[in-house]
Amino acid sequence: MKFLVEHLKNLRELYLNQLQMLLSAEEQIAIASLDMIETALDEELIATLRLHKDETEKHVLRLERILTAATGSSKLVKCKAVNALIAETEDMLLDARNSAVRDVALIAAAQRIEHFEIAAYGAVRRFAEILGDLEAAALLTQTIDEEGNADRMLSAIAERLNLDARQAA
């Protein structure tokens, strides 16, 4: 239930709101990444998660830069979607009894988060373009490219690990 209603009057207000939500999402993901790295057993998966955690920290800095340029601050709007995806990840990892299955569950959960981010960043990038904020659009494009790359790397690892998880049954 939402206790404070934000009246988004125009595209610029929606754009700023969504940037603030993405900042919250990235900060939540950076924290959750530590647990994901600790939980993973496959070395390639661990290396990929570490790489993307470093990128996530850069995403936070980019969003802070965009928000500070646009508003003078980098206020957050809690991202409930990522909060829920992280909670679901924790549940999946608790339920996975086998290490191969746990790594595959970890990849599936991480990809859900990546897909959410790609969609959210795609929307705000388009808002930035429409609003004429081409510098922000370029920074957001950089982040979208990195999120897509992380998703592709996770897919490649999953191709190998899914077979191991199938054998675990």
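The values are calculated or read from the model by the stated rules, or taken from the named source; none is laboratory data. All figures in this text were calculated on a predicted structure; none of them were measured in a lab. Please note: Cβ atoms are built from the backbone with ideal geometry, for glycine as well, and neighbour counts cover all protein chains shown.
Structural remarks
- Leading residue by the ranking (surrounded by the most Cβ atoms within 10 Å (Cβ to Cβ)) among those in region 111-159 that are out of contact with any helix residue (DSSP H, G or I) (no Cβ under 8 Å at 6 or more places or on another chain) and closer than 18 Å to Thr48 by Cβ: Asn149
- Single residue of Ala110, Ala156, Ala128 found to be modelled with pLDDT of 95 or more and within 18 Å of the chain's Cα centre (by Cα): Ala110
- Taking region 121-158 as the range and being without any contact (Cβ under 8 Å) to a residue 12 or more places away in the chain, more than 30 Å from Arg102 (Cα to Cα) and in a helix (DSSP H, G or I) as the test, the residues that pass are Arg126, Glu129, Leu134, Ala138.
- Arg102 being more than 18 Å from the chain's Cα centre (by Cα) and in contact (Cβ under 8 Å) with a residue 24 or more places away in the chain: yes
- Here the helices (runs of 4 or more DSSP H) wholly within region 1-107 that include at least 3 residues being crowded, with 19+ Cβ neighbours inside 10 Å, out of contact with any Pro (no Cβ under 8 Å at 6 or more places or on another chain) and polar (S, T, N, Q) are 11-39.
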